[in-house]
Amino acid sequence: MKLGFIEKRTFWLLMLASFFNGFVMGTFNIQDVVAKKALSALDWQITILVMLWPLSNLFSIWWGKALERSKSISKFFILTAFVGRLVLLFMLWTHSYYPYLIIMIFVFSFNSLLSPAQNSIYRNNISAENRGVLFGYTASLITLIAIIFSYTAGKLMDINEDWFRYIFSIAGLMGCISSLLMAMIKIENKKYNAAKLKLKQLFVTPILSTMNILKKDKDFAIFQRNFFIYGIGFMIILPAIPKFLVEYLKMDYSQTFMAKGILSQLGILFLAPIAGKIHDKKNPSFFTFLAFFILGCYPFILLISSFLIGSGIENYVVYFAYLIFGIGMSAIVISWNMSSIFFAGSNDVSMYQSVHVTLTGLRALIFPFLGYLILKYFGVKVVFTISVSMFWLASILSYLDYLRICKSGFRYAAHFDKIVNYFRRIPPRG
């Protein structure tokens, strides 16, 4: 793998930023359990909390529009550093659920900016053949730091659960450094428009652009449909997890952080670069077909563990479920961040990724609360069963989409040389 000067400089800055960002990701993996155990949050309060991360993604189309019209993206990273990361310092004075919720709203709202901004960096500074594998290395480093941080946090909070305030504050400082490092990566938006955004352009145009992209780009729309169904399975289970681990299995901080913060991340740590390399060579629909199927095994194994409570092995079955989760997520992390570049082609990738991220927020308006209602009235077993069904339905539809693509002679991005060569006898789409 040969890297040019700009690629090398960009990659090392991304790696440095990823090191510090790992501390923030470590808190993301444990924030619901902290609320449940340390702040005694109720089930409906946990539901609101787990909605924040995906729901904040609704802001992404507006961030995407701002990025699309900005000459430099550095100012957005600086804004995130001081407003979206240092805000975690206020955890030092947090002693109840609602201040905790407000702080996390700020953190997640600005987090929705990072994905389209990061995609702009990869699109402009990293060559097509290197994007997936280099992103895989940064994902692995983030995961390694998150694992170490989660393990340490679990041990410390078993001693004194009030220490979560210092743990989150440290993560805020590290996250600030991460965003400032990202701001040092220079790219030039050649399509930037210096004209001031009118209110309609800021608030209405992104919605119309989202609908227009999905209407015109049928392949991207089908891909998003399948991702949406996968997201139902992912989100509907979120309110049930803290309750299942804390109240059903009686896990302490070390045990819950072992499952959610460590074992769930091992697949990403070791497999993300490999998954990135595969993604660079495979069609996104085939890639997600495999990822969705593997992830469906995660709630399936949790369902099995729910029948084993009291046997003495239920915790180990849960640990195995999170190992499987990590393997599946190693592929999802790559696809979630890189597939928009594939479909965007010569179009603005920040808007494509913003559409992708915003649809995640749309799911969050409905399905965590639906999961809470199912949990309340039918129990965790039903939640797990529905989750399995959604994951595997998304997998089947992705495979059918892949077959459709093969049959129709799909050709999208020039860097997919094998696909182009295979279908070279078929003229390009208009």
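Of note:
- Each label was represented as a point 7 Å from its Cα along the Cα-to-Cβ direction; for residue 407 and residue 78 these points are 5.4 nm apart.
- Within region 307-340: backbone nitrogen closer than 18 Å to the residue 158 label point (7 Å, Cα to C-beta): 313-320
- Stretch gain in nm, segment residue 225-residue 382, where the contour uses 0.36 nm per residue and the Cα spacing is subtracted: 54.2 nm
- Förster radius 60 Å - calculated FRET efficiency between residue 105 and residue 2 (Cβ-Cβ, nearest 0.05): 0.85
- Here the gap between residue 96 and residue 250, fully extended at 0.36 nm per residue and compared with their Cα-Cα distance, gives a gain of 53.2 nm.
- Of the residues 165, 85, the one with the largest accessible area comes first in the ranking 165, 85, computed with a 1.4 Å probe on protein heavy atoms.
- Probe 1.4 Å, all protein chains present, accessible-area order of 298, 137, largest first: 137, 298
- If R0 is taken as 35 Å, the Cβ-Cβ distance between residue 9 and residue 373 corresponds to a FRET efficiency of 0.10.
- A probe of 1.4 angstrom, applied to the heavy atoms of all protein chains, finds residue 151 with accessible area near 120 square angstrom.
- Computed lengthening from residue 311 to residue 270, 0.36 nm per intervening residue step minus Cα-Cα distance: 11.6 nm
- Out-of-range pairs (alpha-carbon distance over 28 Å; input 8/75; 218/381; 37/75; 2/407; 37/277): 218/381; 37/75; 2/407; 37/277
- Efficiency of FRET from Cβ geometry, residue 128 and residue 42, R₀ 56 Å, rounded to 0.05: 0.70
The values are calculated or read from the model by the stated rules, or taken from the named source; none is laboratory data. Note that this is a predicted model, so its numbers are computed, not measured. All Cβ positions, glycine included, derive from the backbone under ideal geometry; neighbour counts span all protein chains shown. Only protein heavy atoms, including side chains, enter the accessible area calculation; ligands, DNA and RNA are left aside. Shrake-Rupley method; radii C 1.70, N 1.55, O 1.52, S 1.80 Å.
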